[in-house]
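The next block holds one structure in the form of structure tokens; read it before the comments.
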Amino acid sequence: MRTIWNSYLFASIGLLFLLLWMPMGQYDFLVNHWMKIGVYAIPFLGIGIFAFKRNQEKERLNEDPRFLAMLMLLIYIVHQFEEHWIDLYGNTYAFYAFNNNFILDKLGEPDSIILPLTKESVFVINTSLVWLTGLLAIAKSPRHLFPFFAMAGIIVINGLVHSIAAVVTFSYNPGLLSALVIFLPFYLWILGRSRALRMNCKKLIVGGLLWAFLAHVLMVGGLLLANWFRIISEPFYWCILIFWSVLPIFVLRPKQ
């Protein structure tokens, strides 16, 4: 029964991202409005968390990695609302413009008409490194916990990136508030909960942080290689991101 359920779960995840990424006339809509779909999914994800909660023992709920993985995906979607839809000042889609200005300024080309960050890449980055990684963390828990710690790593590394960007620019950046108020405290809470997970969590925590750090290196480096230096194509860059998002299910797998 477990094998059938896992096969159904992975087939459903595969179909979801096939519909997201395969160009079938919906691509222009998704590129511009993907974050709205995520926000609209919050109530349904919340219902799933509530249903899961009712079937668990209360005293062990905060020690269940599948429940925690659901919470991680939920809070990241909340972060994406501030980051990509409506920021703290009420600006819409501000992340796209902010980051292009930030990257071009650091490249010493503030007036360039070439934009390193495209809306298409924003879409793939968030649906692969966040949504796909988050769903795989839910699907593989509790038997295989590296995807769980990879998702936790993405949360804390992203929170630190927002914080560092704020210090460097001495200004607000889209997503900063939720990164400080939600991401960093939540990750510390996750570390506290991880002691109750019955595996070698130290190796998983370090591995998750390393995976998330390299994910950000690939994200920024690949973006520049594709859209600034034009060494690789942008679709090839997206394939790298998707590969990196799936990689955690093959890393530090428990012995059967």
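The values are calculated or read from the model by the stated rules, or taken from the named source; none is laboratory data. Keep in mind it's a predicted model, so treat the numbers as computed, not measured. Every residue, glycine as well, gets a Cβ built from its backbone with ideal geometry; the counts of neighbours run over all protein chains shown. Just so you know, the surface numbers come from the protein's heavy atoms only, side chains and all, with ligands and any DNA or RNA stripped out. Shrake-Rupley method; radii C 1.70, N 1.55, O 1.52, S 1.80 Å.
How would you order 147-155, 211-219 from highest to lowest mean count of nearby Cβ atoms within 10 Å?
Packing order, densest peptide first, comes out as 147-155, 211-219.
Suppose each label sits 7 Å from its Cα in the direction of the beta carbon; what would the Leu88-Lys202 distance come out to in nanometres?
3.7
Quick check on the stretch 114-209: take the gyration tensor over C-alpha atoms, sort the square-rooted eigenvalues as a ≥ b ≥ c, and tell me if it's rounded (a/c under 1.5), prolate or oblate. Spell out each step's value before the answer.
Values: a/c = 2.72, a/b = 1.49, b/c = 1.82.
In terms of gyration-tensor shape, oblate.
Can you tell me the accessible area per residue over the chain, all protein chains present, probe 1.4 angstrom, in square angstrom?
Heavy-atom accessible area per residue stands at 53 Å².
Using a 1.4 angstrom probe on heavy atoms only, work out the carbon and sulfur share of the accessible area of the stretch 105-178 in %.
Numbers: 1770 of 2680 Å².
About 66 percent, which is the carbon plus sulfur part of the accessible surface.
Among the listed pairs Lys36/Lys140; Lys140/Lys203; Lys202/Lys255; Lys106/Lys202, which have their C-alpha atoms separated by more than 28 angstrom in this model?
In this structure, Lys106/Lys202 lie more than 28 Å apart at Cα.
Order of 185-193, 125-133 by packing, highest average Cβ count within 10 Å first?
Going by the mean number of other Cβ atoms within 10 Å, highest first, we get 125-133, 185-193.
Could you work out the per residue convex hull volume over the alpha carbons of the chain, in cubic angstrom?
Once divided by residue count, the hull of the chain is 140 Å³.
Can you check what the net charge comes to around Tyr96, using other residues whose Cβ is under 13 Å from the Cβ of Tyr96 (Lys, Arg +1; Asp, Glu -1)?
Residues near Tyr96 contribute -2 overall.
Mind jotting down the distance between the C-alpha centroids of the stretch 71-130 and the stretch 234-256, whole Å?
22
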